[in-house]
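Presented below is the structure to which this report refers.
The values are calculated or read from the model by the stated rules, or taken from the named source; none is laboratory data. Remember, it's a predicted structure, so these values are computed and weren't measured experimentally. Because the Cβ atoms are built from the backbone with ideal geometry, glycine has one as well, and the counts that use them run over all protein chains shown.
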Amino acid sequence: MGMPALATQKKVVKGINSVINTTVLIMIAAALAFAGYALWDSKQLYQAAGKSQYEIYKPRAADEGKSFQELQALNAEVFAWLSVYGTNIDYPVTQGADNMKYVNTNAEGLYCLSGAIFLDCDASPDFSDFNSIFFGHHMDKRAMFGEIGSFAEKDMFDTRRYGNLYFDGKDHGIEFFAFVRADAYDNTVFTANVKGEARQAYLDNLLSKAVYKRDIGITTQDHIVLLATCSAASTNGRDILVGRVTDTLYENTFTDSETNNAGKLLGTLRWGENSPRWLPALILSLLLAALIIVLCVTRKRRKRSEKRSESR
């Protein structure tokens, strides 16, 4: 092979190597950028959905910080506050003209993928109906209604029995008596404000779908609430925690530590929730290491190529 042909071949090979190296570098840089954005976006989403976002608005006996009325001034469709003791469910409640608005709108009335906890649009906001249905996203990190699925663990169901519902300017107790799994399109469950004789059939059907239940003497004269969210168990499945609204107030006996660690202790959290906090940093570090290795290899190849050219 002549010298011109050999030189041409070297140039082609060098050009191909350069294209491959550049492509690899671009791909790694893009992966780093995407991973960084995903981590940032995820952090922003969970910060927006966390109960701490709204703690300043929570109605209290003592006037501390921003008031519930200030939140209502921002969004007139906020009308109640829901708490489930021993969990991170501690949020303002909204109600829109339809059941789509608060899927992607937060309690302050702003666009947000985590949405808000909202009452079915057909339910009475004074909870005078026989059955009222709350909806909320099932999110990781125990945000919004992310802990409802944890009630599939008997220990969780047995120990988290009470909650609080604030509306009409005063607190009301909630006594939970069933954890139900149903299909999202099951109208025998997802029908609010059932009336008359249909109440008993509704209650019997609801209890027949219960994974766990306890007898607290529920009758058709009671006012029950359903806390519904997506289930990890099936595509169209819904996890539902069912309770009775009472005039009796129940004490929250759980410490902050017990509340924050509930899902972890019961082992019901999924990978995204239960994975180590250092894992995202490790993934970014590995990608960065890969980028550095590629850069080093590219540099060494270039030096070797230059030395070979000089020796010839």
- List every residue pair whose Cβ atoms sit under 7 Å apart, with the two residues 6 or more apart in sequence or on different chains, where the first one lies in the range 226-241 and is surrounded by fewer than 20 Cβ atoms within 10 Å (Cβ to Cβ) and the second, anywhere, is basic (Lys, Arg). 232/270; 233/181; 237/181
- Task: Among what's in the range 64-86 and is at pLDDT 95 or above and polar (S, T, N, Q), pick the residue that is farthest from residue 167 (Cα to Cα).
- Result: 75
- Checking residue 126 against (1) touching a strand residue (DSSP E or B) at 6+ places or on another chain (Cβ under 6 Å); (2) assigned to a loop (DSSP other than H, G, I, E, B), which single condition isn't satisfied? (1)
- Which strands (runs of 3 or more DSSP E) does the range 129-212 wholly contain that include 1 or more residues that are polar (S, T, N, Q) and either surrounded by 18 or more Cβ atoms within 10 Å (Cβ to Cβ) or in contact (Cβ under 8 Å) with a residue 24 or more places away in the chain (or both)? 131-135, 162-167
- Task: Output yes when any residue across the range 92-106 is under 16 Å from residue 168 (Cα atoms), at pLDDT 95 or above, part of a loop (DSSP other than H, G, I, E, B) and touching a strand residue (DSSP E or B) at 6+ places or on another chain (Cβ under 8 Å), and no when none is.
- Result: yes
- Item | Qualifying positions in the range 115-128 - among the acidic types (Asp, Glu) and surrounded by fewer than 18 Cβ atoms within 10 Å (Cβ to Cβ) | 122, 126
